[in-house]
Amino acid sequence: MKVLKFGGTSVASADVIKQVRDILNHTDTDRVAVVVSALGGITDHLLDTMDIASRQDAAYRKSLKGIENRHLEVVRELMPMKSQSGVLSKVKSELNVLETLLDGVFYIGEITPRLSDRIVSFGELLSAFIISEYFKSSGLNAVFKDSRELLLTDQSHGKAAVDFKESNKRIREYFEQEKAAVVVLPGFIASSEDGNVTTLGRGGSDFTASILAAAVEAEELQIWTDVSGMYTANPRIVKQAKPIAHISYEEAMELSHFGAKVLYPPTVQPVLAKGLPILIKNTFDPAATGTLITKKSPEEGRTVRGISYIPGISLLSLEGPGMIGIPGISKRLFEVLSAASISVVLITQASSEHSICIGIADEDASKAIREIDKAFSYERSQGKIKPVIHEKDLAIIALVGDQMKNHQGLSGRMFSTLGKNNVNIRAIAQGASERNISAVIRKEDVKKALNTLHETFFEENIKQLNLFVLGTGNVGAKLLEQLRKQKKYLKDHLRLNVRVLGISNSRKMYFDEQGIPLQQWPDLLQTGAKADPKEFFKTIQHINARNSILVDNTASEKVAERYPQYLRESISVVTCNKIACSSAFSNYKQLKGLASKYRAPFLFETNVGAGLPIIDTLKNLIASGDEVREIKAVLSGSLNFVFDHFNEDTTFHDVVKQAQEEGYTEPDPKIDLSGIDVMRKILILARESGFQLELSKIENRSFLPEEALKTKDNDSFFAALKKHEPGFQKLVKAAKAKKCKLKFVASLKDGKASVGLEHIPAGHDFYSLAGSDNIVLFYTKRYPKQPLIIKGAGAGADVTASGIFADIIRVGTY
Ligand code: ADP
Ligand code: ASP
Ligand code: MG
């Protein structure tokens, strides 16, 4: 004999019930006991209806009508005409009794636990009756058996305790004499000695099936539900979760206790005692393997078998100097809680015994606090124990696996994974069996925590990066294009799944938590909300995705000002915007500090030399113990372009104009021409080399006439260039006379920096620098005479975007 349990969604409509019938056809055993839940959603619907009635709101009648219609409709769709009327009249008469009970609740304006059990029991009674009649009409040798006659419990309504001795006896006797091949029974309901209906707790139909299977020592207990087994994490929250093929009783129990709703926690115990296998299967995909639960799961493979969570947790802490060394405090605390029927989900106690911290359900918190404060009122009045500290709206997440005890470093990995994602851990517990490591976190962090832990322990190979891209100009657009083109490569070769969840330019912003399809970003962005940096941040905070990265492709000060906000949320920052790193040293230092504290990389490779690996190389030199003695560099692609093209046959004005038009300058070319941009770059290199330098301390030997420097807009700037053309021609001639070229050079020596035009003779490393190229010479302790040279294109949207891209990958491999 096998026992098959079908949950609410598996019997939610006539169509699915027909599928259940089909599943029975394929069940190879002589007899089956079929335990069913109420039609999907009916238990909640009944509870709602009685709640409405108890508030003396006549709307309960309409609600009841809904329940009636659901059942009558299923009967009409399931049953052939000829057998319909008998079943309909029986169902209607049951519904009449239900109506009378609800009328009673309405008139009295009150609901007792006993009456509540009586009312909800109609859900399972009706579904089991209808299904058994359908089975009969479809040719099965089936009978209905009322579980209330078999399962005896105490009188704790809502979640009654089973009298196993008596129930087992009744079950065995019944099945010994029953000859039908299929017995259909309502799950969830039982009766107490005094003959009242009781229930086994929400989700209790699983338990009914397990008790039956254990009593008759069935070959197998099958739990048919709406997912293909017990998953590595709740599949509704973690999209990457996979069904676990084989798991031990203890692991299954632990996962269900810690919130894997697919199995009602008490279900495992009865079958475990008899060593019967449990198989969890999907009614909607019967071919899927499902999950087998037995005594031992295969040892090879994973140490962590699954991750689960319990929402709605409160933490209560009992603290005080009077607790140290005094025996019996915990005993009294737990006695108080037990007397108040409050179940404790998690306990931690520091070894100093200075505090005890317990996790309980949110709804039990106020009662628990009242009782604890009452019980320790004497100690409180003496100042030995402080009033209970309460934190609510928390959740427990747990890693579960039999083999965890044999592996070191799992909790370390768990906590560092959470830490990197700014998930604040309020309390930690590790069971003595070491089958479970639990942490208490904020409920807002559950989704992020489950997904990131799942990634760490089950998808070791693939890491998801979630980007929020600000700025869609030349660089931003190129970056999005590169990301789109390289998506597959990154996944296949670097095991990075890079998604863009948010995009904003100065007008609009658009978000998609599932990832923005990058072919369509320009159109989608058009449909977005009005751009707003504050809202942009708030939305990212709300999405709360793991491995989030802000990508700043703007040159905006307003954006740069917000980096600390992002880093404090452990959101990494990748930026080509130079403002933050070239602002006050204290600000630069703060950002670096936040990045390290919140373990969120802050990367700005493209601040110097666009895509050239200048900062990264410098960082590696310093990290490996090298020291920077001198830096000589041509760091402005724009200025190099200008002086490369400017000669006696051209005008300075026209060359600058050309540079601007070809995208080699900042939108405001004065930033480049004045030398400010180069000052910022050498400042950043100086700081990265370890010098505490400010922009104001850098010497700028500007070649621009005062008048051009003072202009306020591009037009007057260009006008001033035109006017001073003879001066610029003089610069060219002077260089030519010495057979030199003009280069705008940045230098750093002994911690002092300067920028200015220099005459570069033939043969010098800078002499043949063409176009918009950059070059940096690092003279260090290890490279004292022959410098380490980095040279290449130092401006342009494509190379800048690829530099940002490289930084994103650095975050991914951090
Ligand atoms: P039934 O009505 O069949 O008893 P339940 O709703 O009680 O079904 O349980 C199945 C649900 O449990 C799934 O739809 C899923 O949302 C949830 N669930 C939570 N954690 C897990 C997990 N680790 N594996 C599978 N399902 C889970
Ligand atoms: N119908 C009950 C509930 O919804 C029992 C069950 O489905 O297991 O809780
Ligand atoms: Mg269930």
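Got at least one residue in segment 699-719 being under 22 Å from Leu788 (Cα atoms) and assigned to a loop (DSSP other than H, G, I, E, B)? Reasoning before the result, please.
The initial filter retains those residues of segment 699-719 that are under 22 Å from Leu788 (Cα atoms), namely none.
Checking segment 699-719: not a single residue is under 22 Å from Leu788 (Cα atoms) and assigned to a loop (DSSP other than H, G, I, E, B).
Given the criteria out of contact with any helix residue (DSSP H, G or I) (no Cβ under 7 Å at 6 or more places or on another chain) and more than 30 Å from Ile293 (Cβ to Cβ), does Lys384 qualify?
Numbers: out of contact with any helix residue (DSSP H, G or I) (no Cβ under 7 Å at 6 or more places or on another chain): no; more than 30 Å from Ile293 (Cβ to Cβ): yes.
Answer is no for this residue.
Please go through segment 467-500 and pick out each residue that is part of a strand (DSSP E or B) and either surrounded by 21 or more Cβ atoms within 10 Å (Cβ to Cβ) or of a type in the set (D, E, K, R) (or both).
Keep residues of segment 467-500 that are part of a strand (DSSP E or B), which gives 467-470, 496-500.
Hits for segment 467-500 are Leu467, Phe468, Val469, Leu470, Leu496, Val498, Arg499, Val500.
Each row is one residue, and each column tells you yes or no for (1) more than 16 Å from ligand 2 (Cβ to nearest atom); (2) closer than 27 Å to Asp445 by Cβ; (3) surrounded by fewer than 21 Cβ atoms within 10 Å (Cβ to Cβ).
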{"position": "Lys239", "(1), (2), (3)": "yes, yes, yes"}
{"position": "Ser248", "(1), (2), (3)": "yes, no, no"}
{"position": "Met253", "(1), (2), (3)": "yes, yes, no"}
{"position": "Phe258", "(1), (2), (3)": "yes, yes, no"}
{"position": "Gly275", "(1), (2), (3)": "yes, no, yes"}
{"position": "Ile278", "(1), (2), (3)": "no, no, no"}
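Only one of Lys242, Lys261 is within 12 Å of ligand 1 (Cβ to nearest atom) and within 30 Å of Lys165 (Cα to Cα). Can you tell me which?
Details: Lys242 fails: within 30 Å of Lys165 (Cα to Cα).
The conditions single out Lys261.
Looking at segment 188-211, which of the residues that are β-branched (Val, Ile, Thr) and in a helix (DSSP H, G or I) is farthest from ligand 2 (Cβ to nearest atom)?
Of all residues in segment 188-211, those β-branched (Val, Ile, Thr) come to 189, 197-199, 208, 211.
With the extra rule that they be in a helix (DSSP H, G or I), the set shrinks to 208, 211.
Numbers: Thr208: 8, Ile211: 13 Å.
If we take residues in segment 188-211 being β-branched (Val, Ile, Thr) and in a helix (DSSP H, G or I), then Ile211 is farthest from ligand 2 (Cβ to nearest atom).
Considering only residues of segment 233-255 that are out of contact with any Leu (no Cβ under 7 Å at 6 or more places or on another chain) and in a strand (DSSP E or B), which is farthest from ligand 3 (Cβ to nearest atom)?
Only one residue fits best here, namely Ser248.
Looking for something outside the structural domain of Gln155 (by TED's automatic domain parsing), in a loop (DSSP other than H, G, I, E, B) and either more than 24 Å from Met404 (Cβ to Cβ) or within 14 Å of ligand 3 (Cβ to nearest atom) (or both) - is there at least one such residue anywhere in segment 273-283? Show your work before the answer.
Of the residues in segment 273-283, the ones outside the structural domain of Gln155 (by TED's automatic domain parsing) are 273-283.
Within this subset, residues satisfying the condition of being in a loop (DSSP other than H, G, I, E, B) are 275-277, 283.
From what's left, either more than 24 Å from Met404 (Cβ to Cβ) or within 14 Å of ligand 3 (Cβ to nearest atom) (or both): 276, 283.
So far as segment 273-283 goes, yes, one or more of its residues are outside the structural domain of Gln155 (by TED's automatic domain parsing), in a loop (DSSP other than H, G, I, E, B) and either more than 24 Å from Met404 (Cβ to Cβ) or within 14 Å of ligand 3 (Cβ to nearest atom) (or both).
Being in contact with a Phe, Trp or Tyr (Cβ under 8 Å, 6 or more places away or on another chain), assigned to a loop (DSSP other than H, G, I, E, B) and closer than 18 Å to Gly8 by Cβ is the filter here, so list the residues in segment 212-232 that pass it.
Asp226
Looking only at segment 506-536, how many residues end up being part of a loop (DSSP other than H, G, I, E, B), in contact (Cβ under 8 Å) with a residue 24 or more places away in the chain and crowded, with 20+ Cβ neighbours inside 10 Å?
Counting residues in segment 506-536 that are part of a loop (DSSP other than H, G, I, E, B), in contact (Cβ under 8 Å) with a residue 24 or more places away in the chain and crowded, with 20+ Cβ neighbours inside 10 Å gives 0.
Out of all the residues in segment 136-145, is one or more under 30 Å from Asn25 (Cβ atoms), buried (at least 20 other Cβ atoms within 10 Å of the Cβ) and within 15 Å of ligand 2 (Cβ to nearest atom)?
Checking segment 136-145: not a single residue is under 30 Å from Asn25 (Cβ atoms), buried (at least 20 other Cβ atoms within 10 Å of the Cβ) and within 15 Å of ligand 2 (Cβ to nearest atom).
Given segment 356-448, what helices (runs of 4 or more DSSP H) lie entirely inside it while holding 2 or more residues that are modelled with pLDDT of 90 or more and under 23 Å from Thr303 (Cα atoms)? Even if it seems obvious, please write down each step before you answer.
Details: elements: 365-375, 377-381, 410-420.
Per the criteria, 410-420.
Determine whether segment 729-741 contains at least one residue that is farther than 24 Å from Asn577 by Cβ, surrounded by 17 or more Cβ atoms within 10 Å (Cβ to Cβ) and of a type in the set (A, V, I, L, M, F, W, C). Working first, answer last.
Initially, segment 729-741 is screened for residues farther than 24 Å from Asn577 by Cβ, giving 729-741.
Then drop every residue that is not surrounded by 17 or more Cβ atoms within 10 Å (Cβ to Cβ), which leaves 732, 735, 741.
Retained after the next criterion (residues that are of a type in the set (A, V, I, L, M, F, W, C)): 732, 735.
Yes; the residues of segment 729-741 include at least one that is farther than 24 Å from Asn577 by Cβ, surrounded by 17 or more Cβ atoms within 10 Å (Cβ to Cβ) and of a type in the set (A, V, I, L, M, F, W, C).
In this structure, does Ala53 turn out to be more than 26 Å from Ser210 (Cα to Cα) and in contact with a Leu (Cβ under 9 Å, 6 or more places away or on another chain)?
Working: more than 26 Å from Ser210 (Cα to Cα): yes; in contact with a Leu (Cβ under 9 Å, 6 or more places away or on another chain): yes.
It is true that Ala53 is more than 26 Å from Ser210 (Cα to Cα) and in contact with a Leu (Cβ under 9 Å, 6 or more places away or on another chain).
Could you list, in sequence order, all residues of segment 212-237 that are touching an Asp or Glu at 6+ places or on another chain (Cβ under 8 Å), within 16 Å of ligand 2 (Cβ to nearest atom) and closer than 25 Å to Asn436 by Cβ? Talk me through it step by step, then tell me what you get.
Within segment 212-237, the subset touching an Asp or Glu at 6+ places or on another chain (Cβ under 8 Å) is 213, 223, 228.
Now narrow it down to the ones that are within 16 Å of ligand 2 (Cβ to nearest atom): 213, 223.
Result: Ile223, single match.
Against the condition more than 30 Å from Ser689 (Cα to Cα), surrounded by fewer than 13 Cβ atoms within 10 Å (Cβ to Cβ) and modelled with pLDDT under 95, how does Lys785 come out, does it pass?
Numbers: more than 30 Å from Ser689 (Cα to Cα): no; surrounded by fewer than 13 Cβ atoms within 10 Å (Cβ to Cβ): yes; modelled with pLDDT under 95: yes.
So Lys785 fails the test.
Only residues that are near ligand 1 (Cβ under 7 Å from one of its atoms) and of a type in the set (A, V, I, L, M): list them for segment 205-234, please.
Scanning segment 205-234 gives Val227, Met230, Ala233.
Can you say whether Ile293 is within 16 Å of ligand 3 (Cβ to nearest atom), part of a strand (DSSP E or B) and either at positive phi or of a type in the set (A, V, I, L, M, F, W, C) (or both), as far as the supplied structure shows?
Details: within 16 Å of ligand 3 (Cβ to nearest atom): yes; part of a strand (DSSP E or B): yes; either at positive phi or of a type in the set (A, V, I, L, M, F, W, C) (or both): yes.
When the stated conditions are applied, Ile293 passes them.
Tell me which residues, restricted to segment 661-698, are of a type outside the set (A, V, I, L, M, F, W, C), in contact with a helix residue (DSSP H, G or I) (Cβ under 8 Å, 6 or more places away or on another chain), in contact (Cβ under 8 Å) with a residue 40 or more places away in the chain and in a helix (DSSP H, G or I).
Lys670, Asp677, Arg680, Lys681, Arg687, Glu688
Being more than 25 Å from the chain's Cα centre (by Cα), surrounded by 22 or more Cβ atoms within 10 Å (Cβ to Cβ) and away from ligand 1 (no atom under 11 Å from the Cβ) is the requirement here; does Ser192 meet it?
Working: more than 25 Å from the chain's Cα centre (by Cα): yes; surrounded by 22 or more Cβ atoms within 10 Å (Cβ to Cβ): no; away from ligand 1 (no atom under 11 Å from the Cβ): yes.
For Ser192, the condition - more than 25 Å from the chain's Cα centre (by Cα), surrounded by 22 or more Cβ atoms within 10 Å (Cβ to Cβ) and away from ligand 1 (no atom under 11 Å from the Cβ) - is not met.
Can you give me the number of residues within segment 162-187 that are in contact with a strand residue (DSSP E or B) (Cβ under 6 Å, 6 or more places away or on another chain) and part of a loop (DSSP other than H, G, I, E, B)?
So the first thing to find is which residues in segment 162-187 are in contact with a strand residue (DSSP E or B) (Cβ under 6 Å, 6 or more places away or on another chain), and the list is 162-163, 166-167, 180, 182-185, 187.
Narrowing the set further to residues that are part of a loop (DSSP other than H, G, I, E, B) leaves 163, 180, 187.
Residues flagged as in contact with a strand residue (DSSP E or B) (Cβ under 6 Å, 6 or more places away or on another chain) and part of a loop (DSSP other than H, G, I, E, B) within segment 162-187 amount to 3.
Please determine, by comparing only the residues of segment 262-272 that are in a helix (DSSP H, G or I) and within 13 Å of ligand 3 (Cβ to nearest atom), which one is surrounded by the most Cβ atoms within 10 Å (Cβ to Cβ). First the steps, then the outcome.
Initially, segment 262-272 is screened for residues in a helix (DSSP H, G or I), giving 265-272.
Going one step further and asking which of them are within 13 Å of ligand 3 (Cβ to nearest atom), we end up with 265-267.
Working: Pro265: 20, Pro266: 21, Thr267: 28.
Looking at the filtered set, the residue picked out is Thr267.
Output the qualifying pairs, or none if there are none: Cβ atoms under 9 angstrom, residues six or more apart or on different chains, first residue in segment 167-182 and among the hydroxyl-bearing types (Ser, Thr, Tyr), second residue outside any helix (DSSP H, G or I).
The qualifying pairs are Ser167/Leu150; Ser167/Leu151; Ser167/Leu152; Ser167/Thr153; Ser167/Ala190; Tyr174/Lys145; Tyr174/Leu150; Tyr174/Val183.
The values are calculated or read from the model by the stated rules, or taken from the named source; none is laboratory data. What you see is a predicted model; the values in this text were computed from it and never measured. Virtual Cβ from ideal backbone geometry, glycine too; neighbours counted across all protein chains shown.
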